[in-house]
Amino acid sequence: MQHITILGIESSCDETSASVIRDGRVLSNFIANQSIHEKYGGVVPELASRAHQSNIVPVVKMALEQARVNLDEIDAIAYTAGPGLIGALMVGSSFAKGLSISLNKPLIEAHHMKAHVLAHFIKEENKPMPTLPFLCLTVSGGHTQIVLVEQPLDQKVIGTTVDDAAGEAFDKAAKILGLPYPGGPLIDKYAEGGDPQRFSFPISDIPDLDFSFSGLKTAVLYFVRDHVKVNPNFVSENLNDICASVQHTIVETLMRKFEKAMDETGVKSVGIAGGVSANSLLRKRMLALCDKGCEVFVPKFEFCTDNAAMIAIYGHYMYEEQRFGRLNTAPKARMEY
Ligand code: KG4
Ligand code: ZN
């Protein structure tokens, strides 16, 4: 049997990652995080690009070594062409193009957000693939989307945020609370043991299947400002309850709209994707949909936040259709779905 072996490269934000996938199964998925951004309270694009430059060669080398695959066994190189930080994307795209020329192997341009969804289509032992159509809630630092997946490469966004993304809402709330970037995982951690009903924040309800999170950020800002005036230690004394209440508000906002989308489409094969899908409450709420007769897919943690395995599986499906990229394509910060 002819194998399909894809090298995936991801560099859209603050993770440099490379992965080798053979016939849809992960042989390696190596991720280098960039801790440099922590002290700045967010990703600094210029620093991200420089870190990608330092990391890209060792990361690809590690991925190939872990997979025990030589460069000449690779059938195609898939890289993130967008959306993302332009300087960061250029590092991965230039590297992928150089490799493609030197190996004389085809290039594949991957759409970062579609790739997050495709993480569910990675083959794993004892894990079924989602039945199609599949309804996916993609929640990351830059996007919040409800996606109707007819086929792995045929995806349609049926709901989106009109302002901040869910991950951004977590990170901005965390910043107001004095927590370092990225604050999402820390809110999740401190929420454990906290009372989610102690403080109440607005749950936005805008028309259709869209989301809005900017009101929450303002509500948290005023809430902290007003309480700190009275008690300067208010945040540290109530951190668990504040985090639990913020987390509850974000997850409730997401789930109300997602359940509306399930009702409207009638789709019962459902899942979550993107960095925020690592959130413990969101995972719990999603898994609870099993009780409503749904087939629920919650990704492994390594496939939630940015990783190259999702880029390589995107490459796998594109390779099957022989849909290759071109050497003169420039990566795009914004990219149509
Ligand atoms: O998909 P991703 O790695 O990068 C983007 O494409 O944006 O998502 C990163 C986002 C950040 O906003 C981060 O705070 C959030 O995912 N995140 C979480 C958790 N883990 C990561 N948010 C809430 N709870 C978590 N456990
Ligand atoms: Zn992402």
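What follows draws every value from the coordinates through simple rules; no lab data is involved. Note that the structure is predicted; figures quoted are calculated from it, not measured. Neighbour counts run over all protein chains shown; Cβ positions are idealised from the backbone, glycine included.
Run lengths n ≥ 4 of DSSP H only: what is the helix-derived mean residue ellipticity at 222 nm for the chain, with -39500 (n - 2.57) per run over all residues, to the nearest 500?
That comes out to -13000 deg cm²/dmol.
Taking the Cα-to-Cβ direction at Phe234 and at Phe301 and moving 7 Å from each Cα, how far apart do the two end points lie in nm?
Placing both labels 7 Å beyond Cα along the Cβ direction yields 3.4 nm.
Whose amide H sits under 5 Å from the amide H of Thr161, counting only residues 5 or more places off or on another chain, with H placed in the peptide plane?
Result for Thr161 returns Thr144, Phe211.
Run the dipole for the chain about the Cα centre, Lys and Arg Cβ at +1, Asp and Glu Cβ at -1, nothing else charged, and hand back the magnitude in debye, nearest 20.
Magnitude of the dipole: close to 360 debye.
Taking 8 Å as the Cα distance limit and 6 or more residues as the minimum spacing, I'd like the relative contact order of segment 134-301 as a percentage.
Across segment 134-301, relative contact order equals 27 percent.
To the nearest 10 degrees, how steep is helix 166-176 against the longest Cα principal axis of the chain, on a 0 to 90 scale?
50
What distance in nm lies between label points placed 7 Å from Cα along the C-beta direction at Tyr222 and Arg256?
1.8
Lys/Arg Cβ at +1, Asp/Glu Cβ at -1, dipole of the chain taken about the Cα centre: which of Gly215, Ile36, Thr265 is farthest positive-ward?
Ile36
Once you put a point 7 Å from the Cα of Lys268 and another 7 Å from the Cα of Ile101, both along the Cβ direction, what distance in nm separates them?
5.4
More than 15 angstrom separation, counting every C-alpha pair in segment 28-92; what % is that? Write down the numbers at each step before the final one.
Working: 1236 of 2080 pairs.
Across segment 28-92, Cα pairs with separations above 15 Å total 59 percent.
Where does helix 214-230 land angle-wise versus the long Cα axis of the chain, in degrees 0 to 90, nearest 10?
The helix 214-230 is inclined about 40 degrees to the chain.
What FRET efficiency comes out for Asp291 versus Val157 if R0 is 22 angstrom and r is the Cβ-Cβ distance? Round to the nearest 0.05.
My answer for the efficiency is 0.20.
I want the antiparallel fraction of DSSP beta bridges within the chain, as a percent rounded to 5. Show your work: numbers first, answer last.
Working: 27 of 45 bridges.
Approximately 60 percent, going by the DSSP bridge assignments.
Compute the longest continuous run of the chain that contains no exposed trypsin sites (Lys or Arg not before Pro); treat a site as exposed when its DSSP state is not H, G, I, E or B and it has at most 11 other Cβ atoms within 10 Å.
My reading of the result: 69-325 is the longest stretch.
Contact order normalised by length for the chain, with contacts defined as Cα pairs under 8 Å and 6 or more residues apart; what percent is it?
Details: 745 pairs, mean separation 84.0, N = 337.
Relative CO of the chain lands at 25 percent.
If we restrict to alpha carbons, what Rg and Dmax does segment 134-301 come to, in Å?
16.1, 55
Which of the pairs Lys189/Lys300; Lys61/Lys123; Lys189/Lys284; Lys127/Lys332 have their Cα atoms more than 25 Å apart in this structure?
Pairs exceeding the cut-off: Lys127/Lys332.
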